[in-house]
């Protein structure tokens, strides 16, 4: 038992945002961490994962996961350390990954369905990597590309949000599979990074040029697989360059998440007909039973030095509201992570 | 050799339409049928197939098939009879189906890639049925549903343009496969027809009511397969009711073909993500090697009396321009066919 009562800090959802989340959509709460009972643990948050999908969880609409309730702690994945345990499953000092929420401490049943923590090995990869390549974004990119995109060696794979968490995994996995890899990212720095550091064949800067012209230049043989994280105009641009039997993986649509007008549907969707192509949605949770397989594959490449994981770390739980907005402004460079405490 | 020179009548494309085709987009030509040489035949058109896809062929844009050139005879499938033959492949009096074009006579090589005629048996089914259930629309519905839609017994299949050529086949095939079948059609007569005559479980009248409410009422277990012939608002309505792992077959988008504004992309396409669903385009020509299989299956059901084929016949080649417009106004009731001559 700790000598002093732990003080928690939480961000609770105060109101459902219209457009971009505003400061008043959050309630910043400080309160003692509750005492735990048999089978329960307390996890101290170290790093939280900030993801575009969080915006969708804030809406009160039917989706692949329940919306966060008004007054509830905002949902977030994270890595932490067990600081108190009344469960045989975890010992104090264990590093874990799971649904911590946007708070400094998580308390609950070790088997809790939402918490659902699993142990991670900080010697295998840095803690932040467990929220990136070896976490949800990595699993999303790995299984989404392989299972839904089904790329074959020699094919051209295009990925938007290329320097982001999912995009960097998609592109590097595609490279390992022998594909031509073309990223789409915002700004010269991100484009240079994915080409020079991650080994993409090319990258189109959507802020600095014409995406259609870039696709024409860098995908001379058309596009076989497009992994879409952004939607909007970029999806339409890629649809105009797809090959016969192309596969479009619908993973996200960050350009549309804060719309106050209706989502912009892909006007070029009839290109699917012309090219007998397919557009298919994916949600990473479906692959949960296979995460160990994905982690093993990516960790092996990382160990060999042929796969990189880049995180953009913002320090301080109190900066959560502003840090989240970085995603929608494309300001993060690599997987966005919020550092809550030192290990 | 015929004693007199045959007089041909043709509709040639005079201009590329903007929006709905206008009378001035056509050139109506009368000229003698040319003499034929070795390996060639003359086919007298009896019935021509009028299809929504014709609108796309009139545009000068990259698609699954070459655009009709300005000054060229408008492309059309049809059934006819061989009236002159210098080919061992066809005898005078043979009934054939193939690419006749919008004209009274077709003359050319029996093996011509575009003509590509094959013999049909008028005792097996009426000539017009060879342009419907046993022709392109039937093959489109049959292979599109089975191969791309992949319906399983007990699933709910929704089809738009339900009383049209492709729709009537899709719905009846789905019924034969043990699915719940819900049509979407324009007007009470068409809805009554598909339910009472074709055995659909229900039909939603998009002109007379709210499609979303209709889907809610008639698809209490959601939608597993949607065969889309229309696009636009109806596609969005169905996307809001799909089940996990639903399959959407993109066969056409008649609501969008005459747009002078950009195509309306499906604003609800992120439902694909939420439901891990897929939207896939199809073009019937890909299944050409398997047409005999499709014809055999549909002809068997027709013979057993468990499958119906309804055509809407307009008489007179000279009425082609107006007859074509019926498709886009939803005025045809069943597969639209233009009668050119008596057999």
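Every number in this text was worked out from the coordinates using simple rules, so none of it is lab data. The model shown is predicted, which means the values in this text are computed figures rather than measured ones. Cβ coordinates were reconstructed from backbone atoms using ideal geometry, including for glycine residues, and neighbour counts include every protein chain displayed.
For the pair residue A:213 and residue A:91, label points projected 7 Å from Cα toward Cβ lie 6.2 nm apart.
Its DSSP H runs of at least 4 residues, each contributing -39,500 (n - 2.57), put the calculated 222 nm mean residue ellipticity of chain A at -5500 deg cm²/dmol, to the nearest 500. Starting from the label point of residue B:92 at 7 Å along Cα→Cβ, the same points in the other copies fall at 10.5 nm, in ascending order. Size descriptor for segment A:136-285, Kirkwood hydrodynamic radius: 14.8 Å (Cα pairs only, one decimal).
The fraction of all Cα pairs in chain B landing in successive 10 Å bins from 0 to the largest distance is 6, 26, 33, 23, 10, 3, 0, given as whole percents.
Taken over segment A:1-149, the ratio of Cα radius of gyration to 2.2 N^0.38 Å equals 1.09.
If you plug the beta carbon distance of residue A:24 and residue A:313 into 1/(1 + (r/R0)^6) with R0 = 25 Å, you get a FRET efficiency near 0.40.
Each of residue A:303 and residue A:7 was given a label point 7 Å from its Cα along the Cα-to-Cβ line. The distance between the two points is 4.3 nm.
Hey, how much of the P(r) for the protein assembly as shown falls beyond 39 Å, as a percent of Cα pairs?
Details: 101809 of 234955 pairs.
Of all Cα-Cα pairs in the protein assembly as shown, 43 percent lie more than 39 Å apart.
Quote to one decimal, in nm, the extra length available between residue B:59 and residue B:176 on full extension: 0.36 nm per residue of separation minus the C-alpha distance between them. If you can, show how the numbers build up before the last one.
On the way: separation 117, 0.36 × 117 = 42.12 nm, distance 3.71 nm.
In short, 38.4 nm is gained.
Position residue A:70: other-copy label points at 6.1 nm, ordered by increasing distance, label point 7 Å along Cα→C-beta.
Express the relative contact order of segment A:47-114 as a whole percentage, based on alpha carbon pairs under 8 Å and six or more residues apart in sequence. Present the calculation step by step, with values, prior to reporting the outcome.
On the way: 87 pairs, mean separation 19.2, N = 68.
Answer for segment A:47-114 is 28 percent.
Think of the axis that spins chain B onto A; the B residue whose C-beta lies nearest it, and the distance in whole Å, is B:265, 2. For residue A:189 and residue A:288, the difference between the fully extended length at 0.36 nm per residue and the C-alpha to C-alpha distance is 32.3 nm. For the segment A:283-296, counting C-beta atoms of other chains within 10 Å of every residue's C-beta and taking the mean gives 1.
Taking the mean number of other Cβ atoms within 10 Å as a proxy for protection, how do you rank A:160-167, A:98-105 from highest to lowest?
Numbers: A:160-167: 30.0, A:98-105: 23.2.
For the peptides A:160-167, A:98-105, the packing ranking is A:160-167, A:98-105.
Remark: mean inter-chain Cβ contacts per residue of B:244-252 equal 3, using a 10 Å Cβ-Cβ cutoff to other protein chain atoms. Placing a label point 7 Å from the Cα of residue B:118 along the Cα-to-Cβ direction, the distances to the matching points in the other copies come to 5.2 nm, shortest first.
Let me check against my output: what whole-number percent is the relative contact order of chain B, with C-alpha pairs under 8 Å and at least 6 apart? Present the calculation step by step, with values, prior to reporting the outcome.
Numbers: 751 pairs, mean separation 59.1, N = 343.
This gives 17 percent for chain B.
Please state the shape class of segment B:212-323: rounded when a/c is under 1.5, otherwise prolate if a/b exceeds b/c and oblate if not, all from the C-alpha gyration tensor. Taking the square roots of the gyration eigenvalues as a ≥ b ≥ c, segment B:212-323 is oblate.
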